Amino acid sequence: MADDADSDDVNGAGEDVADDVTEAKPRGETAGSDTNTAVYEVPVEIYAVLGSADMQISQLLKMGRGAVVELDRKVGEPVNIMANGQLVARGEVVVVEDKLGVAMTEILKSTWS
């Protein structure tokens, strides 16, 4: 039973933890690479921006159920895909079963490289 406990202990310093880290290499990387694979576990908030609108708070407060806020985008225009507040791509809205999704059509080059 002690062996089972060791293999399930993800916070321990056993070989299982080291094996998990070396398996997380990006394509083309070798086991001897200096790439820090821990970065692949950092959470990123992704969201799609359909558009925006400017209005006074008085207009917003007058709105009721069923009111429509007109956005600054036209039907068929790409939506912005943001990662942690940074624009990273553009895409189109799609339906996946009973949920909305965004199909990436353009991945933008980074501005910080």
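The values are calculated or read from the model by the stated rules, or taken from the named source; none is laboratory data. Bear in mind that the values here come from a model prediction, so they are computed numbers and not experimental data. Counting neighbours? That spans all protein chains shown, and the Cβs are built from the backbone with ideal geometry, glycine included.
One table, with the values for the structure above:
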read-out: Every residue from segment 39-71 that is assigned to a helix (DSSP H, G or I) and charged (D, E, K, R); value: Glu41, Lys62
read-out: Criterion: outside any loop (DSSP other than H, G, I, E, B), in contact with a Gly (Cβ under 9 Å, 6 or more places away or on another chain) and charged (D, E, K, R) - qualifying residue of Glu77, Glu92; value: Glu92
read-out: Residue within segment 76-94 that is among the aliphatic types (A, V, I, L, M), over 17 Å from the mean Cα position of the chain (by Cα) and at pLDDT below 95 present; value: no
